[in-house]
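Written out below as structure tokens is the structure these notes cover.
The values are calculated or read from the model by the stated rules, or taken from the named source; none is laboratory data. Remember, it's a predicted structure, so these values are computed and weren't measured experimentally. When we count neighbours, we look across all protein chains shown, and the Cβ atoms used for this are built from the backbone with ideal geometry, even at glycine. In case anyone asks, the SASA skips ligands and DNA or RNA and just uses the protein heavy atoms, side chains included. Shrake-Rupley method; radii C 1.70, N 1.55, O 1.52, S 1.80 Å.
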Amino acid sequence: MALGAVSATAQTVSITPQEHGPQQQEFVHGAPHVASLEWTIAAGGRIYDNWWEALDRDEPEATNPAYPVDVNGEQSGAGTWRCKECHGWDYMGAGGVYSKGSHFTGIKGLLAMRGVPPESLLATLRDENHPYTEEMISAEEMMRVATFVAKGLVDMRPFINLETRQVIPGVGDVDRGRAIFQTTCAACHGFDGRALDWGEGDEHNFVGTEAAELPDEVFNKLSNAHPGVAMINLSAFSVEDRVSVLRYIASLPTGLDD
Ligand code: HEC
Ligand code: HEC
């Protein structure tokens, strides 16, 4: 085929959630017939991040009655229903990044739950601190979150300085991170991470911007994927590989002019 013909038929590949075909919808919101542990953990991680985007449910309107508004009056509305809002992107609650600032609640982290049988967490996930109905998160879906908590949490302290919220220099293998990024993430985010921009107006937010500012959040997104969009995830890759990718993307451009 002549080069001209290629450019004449070239189309922008759309990845907005609304335009997903049925196959992609199944990938984004459905479940495989025979679920691997890696898929289950990542699916649980997306529920932990934002269950209504992950599960295609209605976004809650009212503030979560369990949210401690007396401790933190800065947060309200749907966000207070996200697991990460009380327990953190680093799963350390008040012991981690959320020990201060606009997300402080004083609530404990979840790292101590690693290794428990997932079923043993289900009663807690429906108690007075967790007023999730079956319409919001079904029993099967709650089991995925429990599996994520029991088997998917990673202690980020060895590679993220939770005080400064920066990737610790020298962690991981930057060449390995580059190799994984260029062969997976770049399909959508571009080789320099600037093909997707979720910033608003003049504020650009590229994968490099987010890794430089919110590495604990980015580690969740690359491990489990961003809820509600057809993004891949590195759940089946080792923690070492994921740390290498985080280190590499923290070196990508953070703005348009870099
Ligand atoms: C509104 C705040 C809030 C949200 C949102 C929240 N939790 Fe909790 N969670 C708590 C509180 C409070 C406790 C009890 C902490 C304590 O015992 O000191 C708790 C305890 C837990 C525990 C038990 C920890 C332990 O050491 O016994 C687990 C597991 C847990 N939460 C998981 C989750 C998951 C998964 C989600 C999302 C589906 C979630 N939480 C959402 C407030 C919250
Ligand atoms: C198939 C396409 C695709 C691939 C491959 C992909 N992503 Fe994404 N990613 C997306 C889309 C779509 C979004 C949502 C962007 C938006 O909100 O506008 C996204 C969002 C993100 C976000 C930001 C989420 C937020 O808003 O906080 C991060 C971080 C991210 N991706 C990292 C990665 C990394 C790292 C890889 C490789 C492991 C990767 N992505 C691979 C499509 C992809």
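The figures follow:
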| item | result |
| --- | --- |
| Segment 205-257, residues that are outside any helix (DSSP H, G or I), within 18 Å of R178 (Cβ to Cβ) and touching a Gly at 6+ places or on another chain (Cβ under 8 Å) | F206, A250, S251, L252, P253, T254 |
| Residues within segment 159-183 that are closer than 28 Å to L37 by Cβ and free of Cβ contacts under 8 Å to residues at least 60 places away in the same chain, tallied | 3 |
| Criterion violated by A236 - all others in (1) touching a Ser or Thr at 6+ places or on another chain (Cβ under 9 Å); (2) surrounded by 15 or more Cβ atoms within 10 Å (Cβ to Cβ) satisfied | (2) |
| Index of the failed condition, S36 passing every other in (1) more than 16 Å from the chain's Cα centre (by Cα); (2) surrounded by 13 or more Cβ atoms within 10 Å (Cβ to Cβ) | (2) |
| Residues of segment 103-151 satisfying the condition of being hydroxyl-bearing (S, T, Y) and either in a helix (DSSP H, G or I) or over 23 Å from A31 (Cα atoms) (or both) | T105, S120, T124, T147 |
| Only one of A212, A230 that is near ligand 2 (Cβ under 7 Å from one of its atoms), open to solvent by less than 50 Å² (accessible area, probe 1.4 Å) and not assigned by TED's automatic domain parsing to the domain that holds V97 | A230 |
| Search result, residues across segment 127-144 that are open to solvent by 60 Å² or more (accessible area, probe 1.4 Å), near ligand 1 (Cβ under 10 Å from one of its atoms) and not polar (S, T, N, Q) | E128 |
| Scan of segment 56-93 for residues that are among the aliphatic types (A, V, I, L, M), surrounded by fewer than 19 Cβ atoms within 10 Å (Cβ to Cβ) and under 20 Å from the mean Cα position of the chain (by Cα), ordered by number | A78 |
| Hits in segment 204-230 (condition: under 14 Å from G193 (Cα atoms) and in contact (Cβ under 8 Å) with a residue 40 or more places away in the chain) | H204, F206, V207, G208, T209, A211, A212 |
| Meets criteria (open to solvent by less than 40 Å² (accessible area, probe 1.4 Å) and assigned by TED's automatic domain parsing to the domain that holds A236) for G172 | no |
